[in-house]
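Read-outs: derived from the displayed coordinates by stated rules, not from any lab. Everything numeric here is computed off the predicted structure, so don't read it as measured data. Neighbour counts are summed over all protein chains in view; Cβ atoms, including those assigned to glycine, are modelled from backbone coordinates with ideal geometry.
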Amino acid sequence: MTRNAFLWISVAILALYFTVALLAPFIAPYGATEIVGAPLQPPDRGHLFGTNDVGQDIFSQLVYGSRVTLIFGFCSALLSVSISTCAGIVLGYYGGNIDEVVCRILDILMPIPIFPLLIVLTTFFNPGVVQVSILMGVLGSIHGIRLIRAPALSLAETPFIEGARSIGATDLRIMSRHILPNLMPVVTAKFVSSSQHYLVMGVGLSFIGLWDTMTVDWGSMIQNAYSSGALSLGLWWWILPPGIAVVGISLALALAGYSLEESFNPRTEVNRI
Amino acid sequence: MIEVDAVSKYYTSGFFSRIRTYAVEDVSLSINRGEALGLVGESGSGKSTLGRMMLRLVEPSAGRVVFDGIDLRALKTPAMRQLRPRMQIVFQDPDTALDPRMTIGESVAEPLMVWQQGSRHERDDRVLELFAMVGLQPELADRRPFELSGGQKQRAALARAIVLEPEFIVLDEPTAALDLSVQAQILSLVQVLRKRMDLTLLFISHDLQVVEQMSGSVAVLHKGRIVESGRTADILHRPSHPYTIQLVEAARKSEEWFGKQRGNHGSGDEV
Ligand SMILES: Nc1ncnc2c1ncn2[C@@H]1O[C@H](COP(=O)(O)OP(=O)(O)O)[C@@H](O)[C@H]1O
Ligand SMILES: [Mg+2]
């Protein structure tokens, strides 16, 4: 199979996820926190994935939960990649002393592990999903800045950029009309891999209860089931659906990243499987 | 028209930037309006650096560059920008001279966009007019650089350079990356454009013969310094500086060699 086929498969899967998140109220038979029946019912016609310990419909929770999980993953990634792209292009294009100083600072910041830092921060503040998402996006952009800066730097030195300067194009125009379009392959690839990264991390953060545990998302669903011993009690319908949902979208994003790599980089053409 | 006065450019390296390497050192020259000056020298002699400094695309470390009575180094960025349409550059490598993400038409129209000249329709017309001037087929306007040959790209680069009707153009080895036959076409195109638009040229090349075709006077650059300058014919026939003598001899040899090649090629074609 070609990578192009992989790309379409992954796009189809992602589209499915987004449709579910977007149309949640029409797809979910019940509300996310609504108590709709007896607790711990196995799947049947009324409850596609059964109910949890307080009698909430797991299918409805899964559908509504996709919203928080997807928004967290993609918004953090969007924020992070936007910062990386802007900063990386500016640093690479202007170079010089500012670039040097900022790169030194990034070198110092880079080894700081984000996950433990977040846990420390949340013991002092009591953040919601949005705050954590912004924090993650900002902290996570550090690596991306270096990633974007390197090709921006070499682009800035190519003759066509000098040619743009010689016709009197402003720096803003050069960065937005020449450098950014030529970096789009890198930026897109970074966005896809960041989305996967943040999405999984969001589930993890929710699992350890980093934000309000009343928020229904896949992480908190897994956490509820796990801490109640769903696994040892054989209540598979409680823990498997959110688990599979996470694995599914993560794989789709990995697949998208893998296939984009080829369409953007002609040199990998030979390695086609 | 343009005057360079004791201009130097050095690059620093090493601990605390204490090592200075001169790319161009204490160079003075001037070109009158409508004239062409050839600049020859081997690779690394500082030709490109000098040419770029004359357009202030590279900031000189010392000296003055005076364009039409204006001291370029005294200008602030916005004022320099206003002056840019009057001076242009064509690069050596056609593969990197055009933005690979833009169509050829967009690249040629970009200077007009930057200076907001004309409506969209007028710009399209102007682009086609320029395509005709440089000998490009109109249908190439929608292609991207990778779909064009080196010669076609260089024609497009020329079109882009003249779209704002500049007075002064730096041609930085515009034919060095092209085949001999294409090289001749581009050179004659430059001659035509020069007459038609009354251009002032700095023609950079490492090839004395090309310079002889293009300009009446020449300056020889060696290790960042001008070692000889004057009328091209004089220098070609009576070189005085040892480096120029070397250069002329090398040119003779390659002429003989290319002569033979052309001879062989010709007989081959007849068969
Ligand atoms: N950005 C730069 N940093 C350091 N050295 C440079 C830079 N640009 C040019 N040089 C050096 O300046 C010298 C002249 O280069 P250049 O003007 O490109 O020569 P030419 O065009 O004659 O081949 C070379 O030795 C080159 O290594
Ligand atoms: Mg050069």
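Among the chymotrypsin sites (Phe, Trp or Tyr not before Pro) within region A:115-171, those in coil by DSSP and having at most 10 neighbouring Cβ atoms inside 10 Å are A:PHE125.
Given +1 at the Cβ of Lys and Arg, -1 at the Cβ of Asp and Glu and no other charges, the dipole of chain B around its Cα centre is 780 debye to the nearest 20. Based on DSSP H segments of at least four residues, each scored -39500 (n - 2.57), chain B has a per-residue ellipticity at 222 nm of -13500 deg cm²/dmol. Of all complete DSSP H helices in chain B, those with a Cα span along the helix axis of 24 Å or greater and a mean Kyte-Doolittle hydropathy of -1.0 or more are B:180-197. Only one residue of B:TYR22, B:GLN116, B:PRO239 has its Cα farthest out toward the positive end of the dipole of region B:2-259, where Lys and Arg carry +1 and Asp and Glu -1 on Cβ, and that residue is B:TYR22.
Annotation note: trypsin sites (Lys or Arg not before Pro) in region A:1-88 located in DSSP loop regions with a Cβ neighbour count of at most 13 within 10 Å are A:ARG45. When chain A is described by a simple charge dipole with +1 on each Lys and Arg Cβ and -1 on each Asp and Glu Cβ, the residue from A:HIS178, A:ALA254, A:ALA164 located farthest towards its positive end is A:ALA164. Past the 28 Å Cα-Cα mark, which pairs from B:LYS76/B:LYS223; A:LYS190/B:LYS153; B:LYS153/B:LYS195; B:LYS153/B:LYS253; B:LYS76/B:LYS153? Flagged as over cut-off: B:LYS76/B:LYS223; A:LYS190/B:LYS153; B:LYS153/B:LYS253; B:LYS76/B:LYS153. Helices of chain A meeting both criteria, an alpha-carbon length of 30 angstrom or more along the long axis and an average Kyte-Doolittle score not below -1.0, with helices taken as full DSSP H segments, are A:58-94, A:129-156, A:180-207, A:236-264. Just to be sure I understand: of the beta bridges DSSP finds with both ends in chain B, what percent are antiparallel, rounded to 5? Looking only at bridges with both residues in chain B, the antiparallel portion is about 55 percent.
Look at the dipole of the protein assembly as shown built from charges on Cβ: of B:SER229, A:VAL200, A:GLN41, the Cα furthest out on the positive end belongs to B:SER229. Once both labels are positioned 7 Å from their Cα atoms along Cα-to-Cβ, the gap between B:LEU128 and B:LYS76 label points is 4.3 nm. The trypsin sites (Lys or Arg not before Pro) found in region A:167-230 include none that occupy coil by DSSP while having at most 12 further C-beta atoms within 10 Å. The antiparallel fraction among DSSP beta bridges confined to the protein assembly as shown stands at about 55%. Exposure proxy ranking for A:ASP57, B:ASP93, B:ASP68, based on other Cβ atoms within 10 angstrom of each Cβ and starting from the fewest, stands as B:ASP68, B:ASP93, A:ASP57.
Summing Cβ point charges (Lys, Arg +1; Asp, Glu -1) relative to the Cα centre of region B:110-250 gives a dipole of roughly 160 debye. Once the C-beta distance of B:MET197 and B:SER17 is scaled by a Förster radius of 41 Å, the resulting FRET efficiency is 0.45 to the nearest 0.05.
Rounded to the nearest 20, the Cβ-based charge dipole of the protein assembly as shown about its Cα centre (Lys and Arg +1, Asp and Glu -1) stands at 640 debye.
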